[in-house]
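Here's the structure, in structure tokens; my notes come after.
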Amino acid sequence: MFNLSQKGKTRSILLNEASPLRRLDPRSKLFVSIALSLAVMLPLDKLIIFIGVYIIFIAWARLLLEMARQTWRLRWILLFLFVIDWWLVSFELAAVITLRLILLSGVFALFFSTTSTNELSMALESLRIPYRFAFSINLAFQSIGLLQEEWQAIREAQQSRGILVKFDGIRQLIKQVNDLIALTVPAIVLATRRAWAITEAAYSRGFDSPQRVSYYQLQMNWIDWLFIGLILAIMLTFIFWR
Amino acid sequence: MKTRYFSTFQLFLMTLFAVLIVVAKIALRLPLQLSGHSGVFWMAIIIVGSRVVPKIGSASLIGLLSGILASFLGLGDFGAINTLLSYTMIGVGTDLALLLLGNPENLFVAGIAGALGHFCKFLVKWAFGAITGAPVGFIALGLAKAIVGYIVFGAIGGILGGLTLIALRKAGYFKYLQEKK
């Protein structure tokens, strides 16, 4: 795990290990997230019932906190749209749009909160995405901590040389565009050197070898198929039920 | 040996540029209280990336990779899928703009490409609202102030990218890159 932070704002990748979805194959979780997002097409009466079922499912998956956090971040936009839609069109439209936005903004947390970056990489590979691209995604996650340290070092080095970039307003920002180059140029050069070192290391380990086989392989189990079948049945019921 | 569209070095380079975007986005929070201000460094890195790897699709790939990273880190207010699409569309928009406009080492071209690329992020937000059935006019009204921010900061970011490219050329960076291909 790593933290990227400044001024108390911290970002990190936190896997919800307690969720029963954690044990499922990432491909089945991706399919379920896409299938559930199709519920935005449902009319209000069906959508209300669907949201009820969805909340029960999320509570079972122990992801209620993640979903609540996501909805809380959207609160002002949801409130604005709800009030405007109710005022200018109808309560029904306001409710349906609010519910759809809540659903769409939270449904992919199912996947992202319960899938590790390694699993994502393997899932992409098994979905016929070239290995090089799947590896790049993994490499990106591994490099965040490293590049953050380098970025911080560049900032401190430039500050010690008297380049104090202050962001007090848009006019000052425009005046300081030239000073910002002092941050971007070393960052680009360091990233390039790092990329070259990784390329050499990758080639020395047979990165582009056509006979390369992954040490870990993903396997769809009966529980994955059962889960997909269940979600598919629920979605079809909601779509065709009159 | 099979020839590939992007060499391994270029692929890793774009990956690290994508990481730089996310790092800059989080580590450099400007106290400007204006929508889209993070686009300054974002667009600069995308513009530089599209020139350093001078192939169609390089900006899109940088955008996609940074979008995947940002989605896992929980960036953005509209959820993971909106974050992923927004970041990707910035790259796609920049690619299309540069395809039409040409070399981003021209500061005017870089500024326009930056503004257009960053504007695509706004389009995703707008489309996201439209998919849910919200009246398009209301969304546009709600995001009207944001549009100006996206365009202005995108243009500043583009110019910063152009200036960075000029500085890199003066420093001999592109000659160094030639040896590494």
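What the table shows:
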read-out	value
Per-residue Cβ neighbour rank within 10 angstrom, fewest leading, A:W225, A:W196	A:W225, A:W196
Within-13-Å neighbourhood charge of B:G157 [Cβ basis; K, R +1; D, E -1]	+2
Degrees, to the nearest 10: A:64-73 long Cα axis against longest axis of chain A	70
Packing rank of A:228-238, A:58-68, A:180-190, where each peptide gets the mean count of other beta carbons within 10 Å, highest leading	A:180-190, A:58-68, A:228-238
Relative contact order %, chain A, counting alpha carbon pairs below 8 Å whose residues are six or more apart	27
Amide N of the range B:66-94 lying under 19 Å from the label point, which is placed 7 angstrom from the Cα of B:K55 along Cα→Cβ	B:66, B:91-94
Averaged over A:151-159, number of beta-carbon atoms from partner chains that fall within 10 Å	1
Part-to-part distance (alpha-carbon centres) for the range B:143-181 and the range A:105-160, which is given in Å	23
Global form of the range A:1-150, assessed from the alpha-carbon gyration tensor, a/c cut-off 1.5	prolate
Efficiency of FRET between A:W225 and B:A171 - r from beta-carbon atoms, R0 51 angstrom, step 0.05	0.35
Rounded tilt (10° steps) of A:91-106 against the dominant C-alpha axis of chain A	50
Cβ-based exposure ranking for B:H37, B:H118, in which fewest neighbours within 10 Å come first	B:H37, B:H118
Of the trypsin sites (Lys or Arg not before Pro) in the range A:182-213, those whose Cβ has at most 13 other Cβ within 10 Å and which sit in DSSP loop	A:R205, A:R212
Exercise: per-residue mean of other protein chain Cβ atoms within 10 Å, A:81-89	3
Over chain B, relative contact order from alpha-carbon pairs under 8 Å, at least 6 apart, %	27
Cα-based helix-to-principal-axis angle, A:117-126 vs chain A, degrees rounded to 10	70
Shielding by partners, peptide B:64-74 (average Cβ within 10 angstrom, other chains)	6
Assigned charges on the beta-carbon of Lys, Arg, Asp, Glu; the protein assembly as shown dipole about Cα centre (debye)	660
Helix runs (DSSP H) in chain B reaching 15 Å along axis by Cα, Kyte-Doolittle at least 0.5	B:8-27, B:39-52, B:58-73, B:80-101, B:107-131, B:136-170
Burial ordering of B:M89, A:M220, A:M122, fewest other beta-carbon atoms within 10 Å first	A:M220, A:M122, B:M89
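Each value in this text was obtained by applying a stated rule to the coordinates, not by laboratory testing. These figures come from a predicted structure and were not determined experimentally. In this analysis, Cβ positions are derived from the backbone assuming ideal geometry, glycine residues included, and neighbour counts consider all displayed protein chains.
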